[in-house]
1. Take the residues in the range 53-68 that are over 17 Å from the mean Cα position of the chain (by Cα) and not aliphatic (A, V, I, L, M); name whichever of them is modelled with the highest pLDDT.
2. When the residues of the range 401-417 are narrowed to those that are over 13 Å from Val373 (Cβ atoms) and open to solvent by less than 90 Å² (accessible area, probe 1.4 Å), which ends up modelled with the highest pLDDT?
3. Filter the range 270-289 down to the residues that are open to solvent by 80 Å² or more (accessible area, probe 1.4 Å) and β-branched (Val, Ile, Thr) and list them by number.
4. Name the pairs whose Cβ atoms lie under 6 Å apart, with the first residue in the range 378-395 and part of a loop (DSSP other than H, G, I, E, B), the second polar (S, T, N, Q), and 6 or more positions between them or separate chains?
5. Could you please find all residues in the range 87-107 being among the small types (Gly, Ala, Ser) and open to solvent by 10 Å² or more (accessible area, probe 1.4 Å)?
6. Kindly establish whether Glu110 is open to solvent by 40 Å² or more (accessible area, probe 1.4 Å), within 17 Å of Ser319 (Cβ to Cβ), at pLDDT 80 or above and more than 19 Å from the chain's Cα centre (by Cα).
7. Answer yes or no: is there a residue in the range 85-106 that is in contact with a Pro (Cβ under 6 Å, 6 or more places away or on another chain), touching a residue at least 24 places away in the same chain (Cβ under 8 Å) and small (Gly, Ala, Ser).
8. Can you name the number of the only condition in (1) touching a strand residue (DSSP E or B) at 6+ places or on another chain (Cβ under 8 Å); (2) open to solvent by 20 Å² or more (accessible area, probe 1.4 Å) that Glu139 fails?
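The values are calculated or read from the model by the stated rules, or taken from the named source; none is laboratory data. Since we're looking at a predicted model, the values are computed, not measured. No Cβ is skipped: glycine too gets one built from the backbone with ideal geometry, and neighbour counts run over all protein chains shown. Surface areas here come from the heavy atoms of the whole protein model, side chains and all, with no ligands, DNA or RNA. Shrake-Rupley method; radii C 1.70, N 1.55, O 1.52, S 1.80 Å.
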Amino acid sequence: MKRTYGKGKNPIPALVLFLVLLSSAPVIFSQDNQPGEKLQAKLLPGMEILLPENSPVKVNWILPPVDRAALEIHLHDRWFSVDAEGFPWIGLDGRLLINPIKNYSAFLPEFFTNFTHLNNGALVIATDEDFGFIPAGQEIDYDPDTGYPVLGYQPLARLPGKVGQAEDEMVSQAMYRGENCLYFLVRKTFPGEDYREKNEVFCFKPGAGQKADGISQDSGSVFPSFVSIYTSDEPITAVAGDGDKTFIAHGQMVLLVSSGSSEPEVFYVHPVDTIQALDYSQEAGLFYATDYSVGLMSKGAALEFLKVPSPRIFLRDNSLYVMLSEQAAVIQVENAGFLKQYNKTSRVVVGVDGVKVSGGWFRFNFLLFLLAVFILLIVVLVDVLRHRFPGHVKTVWVLMVFLSYLSLLSWLAVFFYFGLALRLSWFLLLIPFLVILVYLLSGRKQKIKG
């Protein structure tokens, strides 16, 4: 099928319309329905949330979990985006587009590889060959089997990246959302003895442009240009940024590519997992997702505050939306940017309802154990001071008791600063325990009677 980019053979009207969408367009779909009351999130099995105590960060359900049996018929990948009103949009089977809160479903005439909402809510769709939008005001056909509307699709431009030589092979082209821009990742191979791969990142940002081929220079019409900002032989797993700062993930490593800088710099290296998604805003910071977690990273540090299988992320203003892919559920982390100041070791885990996470029976009995050790040390000290011992034995026992208290206080300081995770500190509890045990077994026999 021959595609037309823009209206007719002249792409300029479509490009002008797209620039308007990038800068000030309203949401493409508008319904009268309003989102329901956001319920306080409760943890699902296998899901953990780490939140700072007494912070403005809140977690709300936007879309509750869906019965997995209802998702079994949709075998393909699942896509996820959030519009300007905070409504989640889910893509299934490469053609079906669903807004569950507004109870809206529709088919796209083309198979898409990705779709995303820009900061102003405009919906941009990418296919294998091009990217575009859903034009307003066109007649809508309906699918005879499902009754769902079949939306129109207006391609804007071909995806960037050209095959330079006959033996070159285009493997894939992917679109990523940036803050006020779009990123495109082009993957090509160069067959030969080493079968080298080339990965190139392009940025599509309004403002800079070039004269369109075949357009009169006097017309003043300018195409927004695709700017190549990074090339690598290593696979790229995620891209995000604002056009000036671009974050590129190579597996566990995230690079920062800054405009005006000759070389990229290492921003963060995840110790275990591959970075599968990135999303960035100047207000909230840089968020990431792996196959098992969601976190917020800064230069050389990161805080993983959500453990959940196969998450998808979308950053809207200062709220992070997370789709739990296995249940097609969506949660909202309000004021997520507040977590930037917690990239350190000392953290307090609280429940999502604001209640501290309790150790239950273990914590209660452990506190009793510490209290018992403290009281027994007092009993030993009083007993030593009240009785006579031969030579310097009494002085030794007094020093041992004070050493036990010092060890106990040191452990408490380590516990409150580092938490229970610092297992090497447990030996500090052995000192008071051994002093009490040895005194009860042999120390009391050293007392001088009479």
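1. Pro56
2. Leu403
3. Val272, the sole residue that qualifies.
4. That search, which allows pairs on different chains as well, returns Phe389/Gln446.
5. Hit for the range 87-107 is Ser105, nothing else.
6. No; evaluated as a whole, the condition is false for this residue.
7. Narrowing the range 85-106 to residues in contact with a Pro (Cβ under 6 Å, 6 or more places away or on another chain): 101, 106.
When the remaining residues are screened for being touching a residue at least 24 places away in the same chain (Cβ under 8 Å), the result is 101, 106.
Now restrict to residues that are small (Gly, Ala, Ser): 106.
Yes, that holds for at least one residue.
8. Every condition holds for Glu139 apart from (1).
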